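See below for the structure under consideration.
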Amino acid sequence: MELDDRKLTILKAIIRNYLETGEPVGSRTISKYTDLNLSSATIRNEMSDLEELGYIIQPHTSAGRIPSDKGYRLYVDMMMKEKEDELNNLKVELNAKADRLDNILKEAAKVIADSTNYASMITVPRSRGKKIKFIQLTQVDYSNLLCVVVLDGNIIKNMMVPCDSDLPKEDVLKLNLMMNTFLQGLDMQEINVSVMQKLRTEASDYSSLISDILDAIAKCLEEQGVEAYTSGSTNIFKYPELNESGRASNLLYALEEKKELTELMYKEGDNDRGIQVYIGEENPIEATKDCTLVTATYHLQDGVYGKIGILGPRRMDYDKVVGTLRNLMSDLDGIFKKEQ
């Protein structure tokens, strides 16, 4: 007897339900849990076949079924194969898109600088409110697990997690199954004490390791350093008021170092406020207090966005700068929609 698609769907539903509740699963539950539109009697027949094949067992008379080790093995192997294939395909696609995106952003920074005669900066997009798409744990050596987290927007984060010993392959697979069952679709705020406690209880033998994995995932969900491209830094020498040696060198350093400028552009609450203008003393960065900084936000998709900045003298051509930013945001929006 082979496992057809219907039996596989019912087996997956039994395993997922049992992982969530810890209770034996009956045919009525499965009839509500799947989209098969089958009667309870038909599901009972299929469950009997699955039991005969050794994929589920009945712990007590008149009780529902629970997965057997054989059932877990089939489920985990299928899930990990699907996730591995998805991750490999995703990496190839994202690497190609990342190369195209880098080239687009570098060219955009150059276009801004050339058209305005000011210095420009554009950041690589980042995400907010990220949810976990899936997690993959792989033991790379005796004392380390590689934790790969794929987030909404197909953002991939990698973290190493220390472990005390060489884990059995079956245990690594079960950890993968548990992490995806409990965390898939959640963001950091939704991974609460209750969720964490369920995970630790489910993996009682690896409670400490689960805590370390959760810490690694939390770091993945935190915003990392912002990468940015600059262009036209030497344009500041065109303006006498900025061309004094001390001022010019400080401005060049701020543009090269980038950290303070990107932090200002990503200041909390500014994500969706359109074009912002910081004039002279309004600039919190000491090196730019003789300048004007104009910033804007561009969007790739929901929750994924980046920043554009133009730095020049107080007497900059504001109409031209604002018009350039608006045109660029519209152009980037069109380009990114084609890329998706």
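The figures follow:
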{"quantity": "Using θ = phi - 60° and Karplus 6.51 cos²θ - 1.76 cosθ + 1.60, couplings along the stretch 102-118 (whole Hz; Gly, Pro as x)", "calculated": "4, 5, 4, 5, 4, 5, 4, 4, 5, 4, 4, 4, 5, 7, 9, 6, 10"}
{"quantity": "Whole-Å distance, taken between Cα centres, linking the stretch 294-327 and the stretch 1-41", "calculated": "53"}
{"quantity": "Loop-located trypsin sites (Lys or Arg not before Pro) in the stretch 157-245 whose Cβ has at most 11 other Cβ within 10 Å (DSSP)", "calculated": "none"}
{"quantity": "Residue 65 long-range amide H proximity, modeled H, under 5 Å", "calculated": "25, 26"}
{"quantity": "Shape box of the stretch 132-221 [Cα atoms, principal axes, largest first, Å]", "calculated": "32, 26, 19"}
{"quantity": "Ranked 65, 314, 247, criterion: other C-beta atoms within 10 Å, fewest first", "calculated": "314, 247, 65"}
{"quantity": "Calculated [θ] (222 nm, deg cm²/dmol) that DSSP helices of n ≥ 4 give over the chain, each run adding -39,500 (n - 2.57)", "calculated": "-16500 deg cm²/dmol"}
{"quantity": "Estimated D of the chain in µm² per second, where Rh is the Kirkwood radius over Cα pairs and Stokes-Einstein applies at 25 °C, 0.890 mPa s", "calculated": "104"}
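No value in this document is a laboratory result; all are computed from the given coordinates. Note that the coordinates shown come from a computational prediction; the quantities given were computed from them, not determined experimentally. Positions of Cβ are backbone-derived with ideal geometry, glycine not excepted, and every protein chain shown enters the neighbour counts.
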